[in-house]
1. For the stretch 34-70, how many residues meet the condition of being β-branched (Val, Ile, Thr) and farther than 15 Å from Tyr119 by Cβ?
2. When residues of the stretch 77-93 are filtered for being small (Gly, Ala, Ser) and farther than 10 Å from Ala126 by Cα, how many remain?
3. In this structure, is Ala56 over 13 Å from Tyr76 (Cβ atoms), of a type in the set (A, V, I, L, M) and in contact with a Leu (Cβ under 7 Å, 6 or more places away or on another chain)?
4. Looking at the stretch 49-76, which of its residues are crowded, with 20+ Cβ neighbours inside 10 Å and over 30 Å from Arg25 (Cα atoms)?
5. Just to verify a result, which residue in the stretch 22-33, among those that are surrounded by 15 or more Cβ atoms within 10 Å (Cβ to Cβ) and free of Cβ contacts under 8 Å to residues at least 24 places away in the same chain, is farthest from Ala113 (Cα to Cα)?
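Here, each number is a calculation from the coordinates, and none is a lab measurement. Predicted model only: the values in this text are computed from it and were never measured. Here the Cβ is made from the backbone with ideal geometry for all residues, glycine too, and neighbour counts use every protein chain on show.
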Amino acid sequence: MQHCTFLPLTTDAAARLCRSTTGERHGRARVVRHRAAEVETAAAHCWTALLAGCDAAGRWELRPRLRSLSEATSLYAGTRWWFTDGSVHRRRVAGAQTSIEDAIADGDGGEFARAFIGYDHAMASAVVCAASTTRQRSRA
């Protein structure tokens with residue numbers, strides 16, 4: 001059986017950050033990568049429960065993990081960026097997260113898969129753009 005991957009873009013972006021940052025930024029990048037791994041695990045459990053059509057505990061473990069990843073990303077990006085220049089990314093992440101939560105509540109595996117594609121793209125974009133902004137500020 002093949003392993004499902006729910007956050008390939010986000011995981012790759014976080015891994016690249018871990019390789020290219022130092023100091024406090026490196027520590028924050030590692031937290032983003034760790035939280036992404038937690039989301040991967042929780043998403044796999046949720047996906048399994050959705051496919052099985054059951055109400056197992058794994059189905060409900062994902063929501064707090066998604067929030068933890070968003071929090072880690074906001075700390076990596078910096079609160080000021082996350083709520084100003086990065087607000088478009090924050091809103092995209094929040095919207096995609098809501099779509100995932102709706103799919104879980106509805107028990108809809110297809111909607112869950114589509115919502116996760118959007119979430120991964122939104123989260124990876126936020127991580128990459130926050131990193132780009134940080135590099136530009138450090139060069140100035």
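1. The total comes to 2.
2. Total meeting the criteria: 1.
3. no
4. Ala49, Leu50, Arg59
5. The selected residue is Arg30.
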